[in-house]
Amino acid sequence: MTKILTKHFDEPKLHELETYRRLDGYKGLAKALTMAPAEVTAEVLKSNLRGLGGAGFPTGAKWGTVPPVDKVPGPRYVVVNCDESEPGCFKDRVLVTRAPHQLIEGLLIAAHALGAKETYIFIRGEYQNQYDVLRRAIDEANAAGLTKHASIDLMRGAGAYISGLDTALLETMEGKKAWPRQPPPFPTVAGLMGKPTVVNNVETLSMLPFILREGGEAFAKIGSPKNGGTVVFSVSGHVRNPGIYEVPMGSTLRAVLAEAGGVREGHKLKCVIPGGTSMPPLMEKDLDLKLDFDQIRAAGTFLGAGGMIVLDETADAVDVAHNIERFLAHESCGQCTPCREGAVWTVEILERVMSGGGVSEDIPNLTRLGENVTGKTICALGDTVGMVSRAYLQRFPEDFKKRIPDGQKS
Amino acid sequence: MSATATKSKTPFTPEQEKELVAWTKRYPHSNMGLVEALRAVQDWHRRITEADAARVAEIFGLPFNRVWGVATFFPSFTQWQTGRKRVGLCHGLSCWLAGSDAAEKALRETLGVPEKTCTADGEFSWEAMECLGACEQAPALLVNDRLIGRADAAAIAALKKGKK
């Protein structure tokens with residue numbers, strides 16, 4: 001199967017500049033530097049690269065919304081979102097650990113395309129090992145004269161999931177509480193310190209060296225319509241071989257599960273969370289669904305950041321929904337009332353059901369509560385609060401009813 | 001308390017003062033160094049007190065409540081004293097599926113303290129943490145900056161004995 005990002009992951013010293021360069025490293029950057037910035041963006045547009053941090057927005061189109069330097073003079077920034085915190089996602093951690101130069105090369109390509117003289121890698125504070133790996137790789141790149149057109153600096157977060165949302169990330173970088181901003185303006189127009197800023201995910205930027213080296217068309221050809229290239233799934237849960245698996249965009253759920261060895265021995269598939277715990281689960285009937293940002297929507301869920309959690313028959317939907325809603329309640333930033341209150345109430349109802357004290361009204365109440373949060377907050381965390389409880393209720397009503405003494409009535 | 005701490009009463013050593021000042025100069029705007037500066041304070045004092053925040057506010061030229069708001073927002077910053085080994089147990093979905101409840105029981109019993117409480121010798125504290133990004137090694141522990149995967153009772157016993 002075609003690999004782009006993990007192609008050389010059997011090379012033990014891939015994290016070192018010398019090895020990376022021997023394996024075509026920094027050829028994409030060299031190519032980009034011979035091109036005009038607009039030509040680089042055109043190549044990325046042609047590639048159908050989508051934002052792999054979860055939103056799936058076409059990367060070239062995002063770049064296209066940055067005002068040109070002659071219209072809006074002054075600094076502009078590229079910021080790497082390495083704040084991976086969605087439960088189920090760990091691919092950025094592995095990508096940075098194994099191939100830091102792949103990310104740095106992509107970042108330097110983006111900086112050239114966007115005219116950014118300063119770039120930042122914002123990394124979650126818990127990834128200190130990866131911070132150290134990046135520090136060494138940046139030092140190597142500086143010493144090799146690869147960063148003449150743009151500097152790279154690092155900044156660490158302090159444990160808040162919401163910092164992974166682009167505008168909240170920028171607030172964190174500005175030394176504030178990680179409260180998402182209400183767009184417009186979008187960061188590409190007014191981002192870090194009010195300057196045009198592109199925030200791209202680790203995996204997205206890591207794709208750029210291939211796109212520049214081999215061409216946007218070659219990248220687009222690997223994926224599915226409007227979804228270029230590959231995607232790296234983080235697979236965990238009730239699966240034989242948890243780990244990261246890179247597959248072409250549009251691969252079936254069945255194929256990804258097969259890569260990870262399938263459901264653990266002696267057990268039966270219950271459902272699969274495809275993109276991180278915020279995403280509603282896929283069911284057995286969805287095994288032949290093609291996984292890309294567009295086709296997955298047919299099953300009422302999202303590709304997210306590819307954090308795939310496999311659940312077998314031992315997982316109870318009430319417990320699973322509770323675990324996820326508890327996480328969201330803890331990580332709600334508190335700015336929007338429907339999310340701040342709705343998440344806590346959702347957890348309270350689920351805990352009542354779990355303790356055996358549930359009442360039949362709890363089921364319609366969870367649904368109504370979900371409806372009252374979704375679409376009513378600044379960022380998508382609120383949508384998730386409303387989406388998760390309803391998704392498990394809808395797919396596994398029996399799990400809820402059997403734990404509510406008079407549940408069969410509802 | 002208000003931002004009345006004076007330089008003579010700084011809770012930081014001269015070297016630490018210097019490092020905090022350096023964070024005001026690292027990035028294009030001084031405020032951009034604030035979260036990193038507070039990370040340093042948390043490392044040094046194993047918590048952030050109001051006196052700490054007041055001095056950081058002075059160094060950054062910000063109101064005390066502006067800095068205290070940030071210090072009390074982020075989960076990495078604590079007002080309670082953490083152990084020299086601050087143990088975080090991931091209880092995200094994959095870690096919970098793999099037995100984070102059992103790991104929590106082992107932590108409580110092996111370290112002999114409730115969550116967010118320092119052992120009498122100051123060596124350990126433990127707390128539940130949100131997803132540590134190590135779902136393939138579930139359940140995961142973070143001991144200061146070090147990740148420990150597959151944290152069962154035996155791994156936690158080894159951690160207590162200083163063998164892990």
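The values are calculated or read from the model by the stated rules, or taken from the named source; none is laboratory data. Note that the structure is a prediction, hence the values are computed from the model and not measured. Every residue, glycine among them, receives a Cβ derived from its backbone with ideal geometry; neighbour counts consider all protein chains shown. For the accessible areas, the whole protein counts, side chains as well, though only heavy atoms, and no ligand, DNA or RNA atoms are used. Shrake-Rupley method; radii C 1.70, N 1.55, O 1.52, S 1.80 Å.
In degrees from 0 to 90, rounded to the nearest 10, what is the angle of the helix A:128-143 Cα long axis to the longest principal axis of chain A?
10
Sort A:LYS3, A:LYS290 by accessible area with a 1.4 Å probe, largest first.
From most accessible down to least: A:LYS290, A:LYS3.
Based on the Cβ-Cβ distance from B:ASN144 to A:ASP406, what FRET efficiency comes out when R0 is 41 Å, to the nearest 0.05?
0.25
Per residue, what volume in Å³ does the convex hull of the Cα atoms of the protein assembly as shown enclose?
That works out to 157 Å³ per residue.
Which parts of segment A:141-163, residue by residue, lose 10 Å² or more of accessible area when the rest of the protein chains are there, as against the chain isolated (1.4 Å probe)?
A:ASP153, A:LEU154, A:MET155, A:ARG156, A:GLY157, A:ALA158, A:GLY159, A:ALA160
Pairing the Cα long axis of helix A:362-373 with the longest principal axis of chain A, what angle in degrees results, from 0 to 90 and rounded to the nearest 10?
30
If I ignore ligands, DNA and RNA and count only protein heavy atoms, how much of A:ILE121 is accessible to a 1.4 Å probe, in Å² to the nearest 10?
Answer for A:ILE121: close to 0 Å² accessible.
Identify unpaired cysteines across chain B, taking unpaired to mean no other cysteine Cβ lies under 4.7 Å from the residue's Cβ.
So, B:CYS118, B:CYS131, B:CYS135.
Could you work out which residue, out of A:SER251, A:SER47, A:SER389, moves most in a Gaussian network model of chain A, that is, has the largest mean-square fluctuation with Cα springs under 10 Å?
Taking springs between Cα atoms under 10 Å, the residue moving most is A:SER251.
Using only Cα atoms and rounding to the nearest 10 degrees, what angle (0 to 90) does helix A:380-395 make with the longest principal axis of chain A?
The helix A:380-395 is inclined about 40 degrees to chain A.
When the distances between all Cα atoms of segment B:85-160 are binned every 5 Å from zero, what whole-number percent does each bin get?
Once binned at 5 Å, the Cα pair distances of segment B:85-160 give 3, 20, 32, 26, 14, 3, 1.
Could you tell me the accessible area of A:ASP292 in Å² (1.4 Å probe, neighbours in place), rounded to the nearest ten?
Accessible surface of A:ASP292 is approximately 0 Å².
Provide B:TRP23, A:TRP179, A:TRP345 ordered by accessible surface of protein heavy atoms (probe 1.4 Å), highest first.
The ordering from most to least exposed comes out as A:TRP345, A:TRP179, B:TRP23.
Given a 1.4 Å probe and heavy atoms of the protein chains only, how would you sort A:LYS226, A:LYS195, B:LYS85, largest accessible area at the top?
A:LYS226, A:LYS195, B:LYS85
Antiparallel DSSP bridges in segment B:1-145: what percent, to the nearest 5?
Percent antiparallel among DSSP bridges in segment B:1-145 is about 35.
How far apart, in nm, are two points set 7 Å out from the Cα along the Cα-to-Cβ line at A:VAL359 and at B:GLU17?
The two pseudo-label positions are separated by 6.2 nm.
Scan segment B:40-114 for chymotrypsin sites (Phe, Trp or Tyr not before Pro) in coil per DSSP, keeping those whose Cβ has at most 12 other Cβ atoms within 10 Å, and list them by number.
Of the chymotrypsin sites (Phe, Trp or Tyr not before Pro), the ones in loops of segment B:40-114 whose Cβ has at most 12 other Cβ atoms within 10 Å are B:TRP80.
Give me the accessible area of A:VAL69, 1.4 Å probe, in Å² rounded to the nearest 10.
Number for this one is 80 Å².
Given the options A:HIS112, A:HIS267, A:HIS238, state which has the largest fluctuation in a GNM of chain A using a 10 Å cut-off (strictly under) for Cα springs.
So, out of A:HIS112, A:HIS267, A:HIS238, the one fluctuating most is A:HIS267.
Rounded to whole Å, give me the distance from the Cα center of segment A:314-366 to that of segment A:165-180.
26
How about segment A:59-105: which trypsin sites (Lys or Arg not before Pro) there are in a DSSP loop, with at most 11 other Cβ atoms within 10 Å of their Cβ?
Passing sites in segment A:59-105 are A:LYS71.
Please report how far the C-alpha centroid of segment A:254-309 lies from that of segment A:79-157, rounded to the nearest whole angstrom.
29
Among A:GLY115, B:THR119, A:ILE309, whose Cα projects farthest towards the positive end of the dipole of the protein assembly as shown, with charges put on the beta-carbon of Lys, Arg (+1) and Asp, Glu (-1)?
Towards the positive end, the residue furthest out is A:GLY115.
Per DSSP H run of at least 4 residues, take -39500 (n - 2.57); add these up for chain A, divide by its residues and hand me the 222 nm value, nearest 500 deg cm²/dmol.
Computed mean residue ellipticity for chain A: -12000 deg cm²/dmol.
What does the average come to when, for each residue of peptide B:25-36, you count the partner chain Cβ atoms lying within 10 Å of its Cβ?
Counting Cβ atoms of other protein chains within 10 Å of each residue's Cβ and averaging gives 6.
List the residues of segment B:80-96 whose accessible area drops by at least 20 Å² when all protein chains are present, compared with their chain alone, using a 1.4 Å probe and counting only protein heavy atoms.
SASA drop of 20 Å² or more in segment B:80-96: B:HIS91, B:LEU93, B:SER94, B:TRP96.
Over all distinct alpha-carbon pairs, what is the Kirkwood Rh of segment B:14-73 in angstrom?
Here the Kirkwood hydrodynamic radius works out to 11.2 Å.
Share of antiparallel DSSP beta bridges in the protein assembly as shown, in percent to the nearest 5?
The answer is about 45 percent antiparallel.
Once a ≥ b ≥ c are taken as the square roots of the eigenvalues of the Cα gyration tensor of segment A:168-264, is the result rounded (a/c under 1.5), prolate (a/b larger than b/c) or oblate (a/b not larger than b/c)?
oblate
Kindly report the accessible area of segment B:85-160 per residue (heavy atoms of protein chains, probe 1.4 Å, no ligands, DNA or RNA), in Å².
I get 37 Å² per residue for segment B:85-160.
As a test of the definition: with a 1.4 Å probe, what buried accessible area, both sides summed, do you compute for A against B, in Å² to the nearest 100?
Heavy-atom accessible area buried at this interface is about 3500 Å².
With springs connecting C-alpha atoms under 10 Å apart, model chain A as a Gaussian network and identify which of A:PHE293, A:PHE219, A:PHE57 has the largest mean-square fluctuation.
A:PHE57
Report the full-extension gain for the segment A:GLU351 to A:THR65: residue separation times 0.36 nm, less the Cα-Cα distance, to one decimal in nm.
98.4 nm
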